[in-house]
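One structure below.
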Ligand code: APR
């Protein structure tokens with residue numbers, strides 16, 4: 001990756017009125033969370049059908065056991081990495097408004113970003129399938145599965161978007177509005193294969209935003225929607241991009 005690309009990306013961010021970020025599992029890989037696709041990916045070990053809403057309704061206990069093992073037990077120990085921290089510092093410098101993330105690990109908030117749109121929900125909350133009330137995950141015990149609603153006794157589900165479930169309307173609307181109006185979008189660590197989340201960079205591209213992409217591998221966006229491709233791992237490229245942005249021209 002050339003220094004010229006890094007400086008070009010930094011100039012666009014400095015000159016932008018509105019810059020936001022769109023992140024995927026790749027930004028959390030260096031925190032120890034495996035991606036879904038690619039070598040060692042979650043889907044190379046587990047059938048995505050187990051994360052269908054219908055399967056959860058029919059087998060809440062079995063579904064919860066896998067989700068607790070894959071996400072909750074792991075997420076309790078992981079920490080934001082330098083990539084998450086760089087995005088938080090961009091927000092603190094007034095150069096990034098929002099992170100739109102496909103991740104459910106809550107690491108952007110832990111790193112300090114205050115405006116995070118969670119396209120696929122979050123493991124930090126659970127929701128009752130009967131009365132629809134939501135609770136912080138740490139307020140319910142996951143020792144006995146499936147956990148039950150403290151209020152109505154209904155089955156609690158993780159507040160993550162299962163396959164065949166809809167995206168939270170407010171998140172989809174706000175993210176799409178942002179994609180239509182932003183000057184710059186930083187796309188980090190995503191294949192761009194999953195819809196409707198994967199549309200966001202395309203909407204931004206078609207509305208004239210400059211797309212900066214960070215990924216060690218090509219994605220659905222690279223050489224198509226991407227204007228500046230910073231080839232490499234997020235834990236290295238985002239801190240370098242932050243330094244280039246904060247270093248006076
Ligand atoms: N830094 C940056 N990108 C990385 C790194 C890294 N260190 N390591 C891997 N990547 C990239 C891979 O090249 C790939 O493009 O991260 C991406 C991981 O792809 P996926 O696992 O498919 O993640 P994502 O695109 O976020 O998946 C979208 O699919 O299964 C659903 O709900 C799940 O939110 C997820 C959605």
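Throughout, read-outs are computed from the coordinates displayed, never taken from laboratory work. All of these numbers come straight from a predicted model, not from anything done at the bench. All Cβ positions, glycine included, derive from the backbone under ideal geometry; neighbour counts span all protein chains shown.
The angle between the Cα long axis of helix 3-15 and the main principal axis of the chain comes to about 80°, on a 0 to 90 degree scale. Ordering 37, 58 from the fewest to the most neighbouring beta carbons within 10 Å gives 58, 37. Counting 0.36 nm for each residue step from residue 66 to residue 93 and taking away their Cα separation leaves a gain of 5.8 nm. So how tilted is helix 169-181 from the main axis of the chain? Cα-based, degrees 0 to 90, rounded to 10. On a 0 to 90 degree scale, this one is about 10.
Note on segment 59-76 and segment 217-249: Cα centroid distance 33 Å, given to the nearest whole angstrom. Applying 1/(1 + (r/R0)^6) with R0 = 41 Å to the Cβ-Cβ distance of residue 144 and residue 115 gives a FRET efficiency near 0.70.
Once the convex hull of all Cα atoms in segment 1-137 is built, its volume per residue stands at 131 Å³. With a Förster radius of 51 Å applied to the C-beta separation of residue 152 and residue 17, the computed FRET efficiency comes to 0.65. Between the helical axis of 234-246 and the longest alpha-carbon principal axis of the chain there is an angle of about 50 degrees. Relative to one another, the C-alpha centroids of segment 104-157 and segment 11-40 are positioned 23 Å apart.
Most simply put, segment 101-230 has about 45% antiparallel DSSP beta bridges, counting only bridges with both residues inside it.
Remark: the Cα gyration tensor places segment 149-228 in the prolate category, a/c being 1.5 or greater and a/b exceeding b/c. What shape does segment 106-249 take by its C-alpha gyration tensor, where a ≥ b ≥ c are the square roots of the eigenvalues and a/c under 1.5 counts as rounded, a/b above b/c as prolate, and the rest as oblate? Since a/c reaches 1.5 and a/b is larger than b/c, the shape of segment 106-249 is classed as prolate.
Between residue 133 and residue 231, the modelled label-to-label distance comes to 5.4 nm, taking each label 7 Å out from Cα in the direction of the beta carbon. For the peptides 129-137, 97-105, residues were scored by their other Cβ atoms within 10 Å and the scores averaged per peptide; the highest-first order is 97-105, 129-137.
Given the options 63, 122, 139, state which has the largest fluctuation in a GNM of the chain using a 10 Å cut-off (strictly under) for Cα springs. Ranking 63, 122, 139 by mean-square fluctuation puts 139 first.
The three principal axes of the Cα atoms in the chain give end-to-end lengths of 59, 33, 29 Å, sorted in falling order.
Ranked for footprinting exposure by Cβ neighbours inside 10 Å, fewest first, 205, 46 give 46, 205. Nearest 500 deg cm²/dmol is fine: what mean residue ellipticity at 222 nm does the chain get from its DSSP H runs of n ≥ 4 alone, each adding -39,500 (n - 2.57), divided by its residue count? Result for the chain: -9000 deg cm²/dmol, rounded to the nearest 500. The residues 202, 43, when put in order of fewest to most other Cβ atoms within 10 Å, stand as 43, 202. Beta bridges from DSSP with both residues in the chain: antiparallel share about 25 percent, rounded to the nearest 5.
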